[in-house]
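Where a number appears in this text, it was derived from the coordinates with a stated rule and is not lab data. Keep in mind it's a predicted model, so treat the numbers as computed, not measured. Here Cβ is always computed from backbone atoms with ideal geometry, including for glycine, and neighbour counts include all displayed protein chains.
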Amino acid sequence: MAVALLGAIVLSSLPIAGARADALEQIKKAGEVKIANSGVYPPFEFKEGATLVGFDIDLSNLVAREMGVKANISVVDFKGLIPALKSGKADLLISAMTHTPARAEQVAFSNSYYDTAVAIAVRDDRTNLKAKDQLAGLTLGAELGTTGEREARSVNGVKEVKTYDTLMLALRDLEIGRIDAIISNLPPLQYLIHKNFKRVRVTGTYDAGWVGINVNPSETALLAEVNRILAKLKASGELDALKVKWFGEAGK
């Protein structure tokens with residue numbers, strides 16, 4: 001009996017075969033962190049020629065640097081991002097994913113690294129237009145099939161809603177006076193204005209939201225490490241520097 005009991009104690013103290021180490025431990029051991037993004041949401045992630053660039057790409061490299069490992073960045077169709085994380089194909093999602101209750105049931109969100117909202121843009125001679133309820137009687141522009149189009153059509157008393165295949169085309173019409181204002185999600189609007197339109201301003205935002213880095217809910221150590229890194233990047237000014245680089249202002 002004593003021998004059997006001793007054997008049981010020894011066996012119970014050994015690692016269980018096939019037991020999975022936590023993700024942070026695995027990342028450190030492998031020397032790389034697997035990060036997925038959609039690759040098609042400028043300025044967060046997009047291709048310049050054959051090169052993947054953007055805010056999220058720069059942030060991914062900073063996160064990897066702070067972990068002391070290399071960033072192994074892959075592009076996954078947006079609807080496949082959460083499955084890639086849950087299956088272990090990715091350790092992190094850094095893909096401008098907006099926090100929603102439904103998503104938070106599937107993945108864990110870090111603290112915010114970028115605040116977003118629905119935004120109103122006008123020419124620089126009409127910056128008094130700052131709120132949705134000021135747009136009645138005006139001709140509004142929006143990218144076809146987007147939140148911006150839905151919001152523009154919901155304006156009480158709107159004169160006309162013109163839709164465009166791209167936000168760039170809407171901004172061109174705004175700059176030359178064919179439309180009075182644009183409604184769009186803030187990040188791409190900010191980016192295109194910063195890069196191309198000197199006479200256009202974002203004057204108001206509403207329906208605020210935020211984006212975070214995603215990890216599997218069970219990976220509490222990895223989530224804590226990501227939040228530590230984000231806090232450090234905010235304190236050092238590096239996160240604001242990325243916002244200046246990609247959006248033209250530090251934002252929030």
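Entry for the chain at q = 0.15, 0.18 Å⁻¹: log10 I(q)/I(0) = -1.05, -1.31, Debye formula applied to identical alpha-carbon scatterers, no solvent contribution. Along the stretch 237-247 the Karplus relation, 6.51 cos²θ - 1.76 cosθ + 1.60 evaluated at θ = phi - 60°, assigns HN-Hα couplings of x, 5, 5, 5, 4, 5, 5, 5, 4, 9, 10 Hz to successive residues, with x for each Gly and Pro.
Rounded to the nearest 10 degrees, the angle from helix 55-67 to the longest Cα principal axis of the chain is 30 degrees. Farthest towards the positive end of the charge dipole of the stretch 154-252, among the residues LEU174, ASN216, ASN227, is the Cα of LEU174, using unit charges on the Cβ of Lys, Arg, Asp and Glu.
Would you work out the relative contact order for the stretch 117-208, in percent, from Cα pairs under 8 angstrom that are 6 or more residues apart? Present the calculation step by step, with values, prior to reporting the outcome.
Working: 189 pairs, mean separation 41.6, N = 92.
About 45 percent, as a whole number.
Who wins for biggest fluctuation among ASN214, ASN111, ASN37 in a Gaussian network model of the chain, springs between alpha carbons below 10 Å? For the chain, modelled as a Gaussian network with Cα springs under 10 Å, the answer is ASN111.
Which percentage, to the nearest 5, of the DSSP beta bridges contained in the chain is antiparallel? In the chain, approximately 60 percent of DSSP beta bridges are antiparallel ones. Contact order for the chain, expressed relative to its length and based on alpha carbon pairs under 8 Å spaced 6+ residues apart, stands at 23 percent.
Couplings 3J(HN,Hα) for the stretch 164-170, derived from phi with the Karplus relation 6.51 cos²θ - 1.76 cosθ + 1.60 (θ = phi - 60°), are 9, 5, 9, 5, 4, 5, 5 Hz, where x marks Gly and Pro. For the Cα atoms of the chain, what angle does the longest principal axis make with the long axis of helix 186-196, in degrees from 0 to 90, nearest 10? Approximately 60 degrees, to the nearest 10. About its Cα centre, the dipole of the stretch 117-208 is roughly 220 debye, where the only charges are +1 on Lys and Arg Cβ and -1 on Asp and Glu Cβ.
A simple packing score, the average count of other Cβ atoms within 10 Å per residue, orders the peptides 88-97, 167-176, 202-211, 46-55 as 88-97, 167-176, 202-211, 46-55, with the highest score first. Taking a ≥ b ≥ c as the square roots of the Cα gyration tensor eigenvalues, the stretch 167-242 comes out prolate, since a/c reaches at least 1.5 and a/b is larger than b/c.
Please sort by residue number the GluC sites (Glu not before Pro) in the stretch 88-168 whose DSSP state is loop and whose Cβ has at most 14 other Cβ atoms within 10 Å.
Answer by residue number: GLU105.
Using the Karplus relation 6.51 cos²θ - 1.76 cosθ + 1.60 with θ = phi - 60°, the per-residue 3J(HN,Hα) values for the stretch 107-120 come to 9, 8, 10, 6, 4, 4, 10, 7, 8, 10, 5, 7, 10, 10 Hz, with x marking Gly and Pro.
Calculate the dipole size of the chain relative to its Cα centre from +1 charges on Lys and Arg beta carbons and -1 charges on Asp and Glu beta carbons; express the result in debye to the nearest 20. List each step's numbers first, then the result.
Working: 31 positive and 29 negative charges, 37 e Å.
About 180 debye.
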